[in-house]
Amino acid sequence: MKILMIEDDQKIIENVDLILKIAWPDICFLASKRADGGIKLFNKEKPDLVIVDICLPDTSGFEVIKQIRSMSSVPVLILSALAEERDVVRGLELGANDYISKPFRQMELIARIRNLTRKSVFPDEDLSIKSQNIRFGLSIRQIYYNESEIQLTRTEGRILHKLLQKKNKVVTYQELSNELWGDALQTAIPSIKVYIKHLREKLGDDSLSYKIIQNIPQVGYMLVDQADR
């Protein structure tokens, strides 16, 4: 596996390099302290995943994400000290796949990377689960809503899978975090909210009523299936 990090703090680069090489001894780790150098490395090395900071010396990490997304669908993980929900939302809506705030936990970083680099279909995922109007296709990233095909990201698909498993029951933020990253992470809630927002948009879930995926304030979400009621 080849990972590129675009980060201007040398200590963080060295720390992440060590963490990744402990988790994956054969990893190829590349790093650039500037956005322009990072894009050059990206084009030359074709990494399997990119870790990018937002506050870079020559341009914003948001601009880096835009450039990467204009030419590739490679997973992008933001690692930034900017922890406001608006920053998380902006990063994910520009095309980043995940967002971790600094300071970060070692095991959280490893879990997020594993989630982003694993295959789309897992042996323990039952793609036969469905609701009255939603069913999976051949992978976790393909669904049919009222028989219209919709493409999801891997993370969106896994969230929807969990909601379908417990349709008409509450799925907590902690359950979703554990499903995605193997741990109940309080820091994951802003990211989960953005993924839910994207899912609702793809399903045409009216923001005035949220008839498909309902909010359970301070707790999580519930996928409503009228066929079971």
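Once C-alpha pairs closer than 8 Å and six or more residues apart are averaged by separation and normalised to the residue number of the chain, the relative contact order reads 13 percent.
Compared with the dominant principal axis of the Cα atoms in the chain, helix 189-203 is inclined by about 50°.
Indicate the gyration tensor shape class of segment 2-117 (rounded, prolate or oblate), computed on the Cα atoms with a ≥ b ≥ c the square roots of the eigenvalues: a/c under 1.5 is rounded; otherwise a/b larger than b/c is prolate and the rest oblate. The shape class here is rounded.
Taking the mean number of other Cβ atoms within 10 Å as a proxy for protection, how do you rank 47-53, 9-15 from highest to lowest? Let's see the in-between values first.
Details: 47-53: 23.0, 9-15: 13.6.
Ranked by mean Cβ neighbours within 10 Å, highest first: 47-53, 9-15.
Taking Cα atoms, how many degrees apart are the long axis of helix 35-45 and the longest axis of the chain, rounded to 10 and kept between 0 and 90? The angle comes out near 80 degrees. Counting neighbouring Cβ atoms within 10 Å and putting the fewest first, the residues 7, 45 line up as 45, 7. Taking the number of Cβ atoms within 10 Å of each Cβ as an exposure proxy, the fewest-first ranking of 189, 6 is 189, 6. To the nearest 0.05, what FRET efficiency results for residue 28 and residue 145 with a Förster distance of 30 Å applied to their C-beta separation? Plugging the Cβ-Cβ distance into 1/(1 + (r/R0)^6) gives 0.15. Here the contact order of segment 134-228, divided by its residue count and restricted to Cα pairs under 8 Å and six or more residues apart, works out to 26 percent. When each of 78, 39, 22, 68 is scored by the number of other beta-carbon atoms lying within 10 Å, the sequence from fewest to most is 22, 39, 68, 78.
Relative contact order for segment 9-92 using alpha-carbon pairs under 8 Å, separation at least 6, rounded to a whole percent? Can you show the working numbers first?
Numbers: 63 pairs, mean separation 21.0, N = 84.
Dividing the mean separation by the residue count of segment 9-92 yields 25 percent.
Computed extension length for residue 118-residue 14: 35.0 nm, one decimal, from 0.36 nm per residue of separation with the Cα-Cα distance subtracted. Of all lysines in the structure, those lying under 21 Å Cα to Cα from residue 130, and not within fewer than 8 positions of it along the same chain, are 162, 166, 167, 169, 197, 202, 211.
Coordinate-derived values only; no laboratory data. Computed from a predicted model, the values in this text were never measured in an experiment. Glycine also receives a Cβ, built like all others from the backbone with ideal geometry; neighbour counts cover every protein chain displayed.
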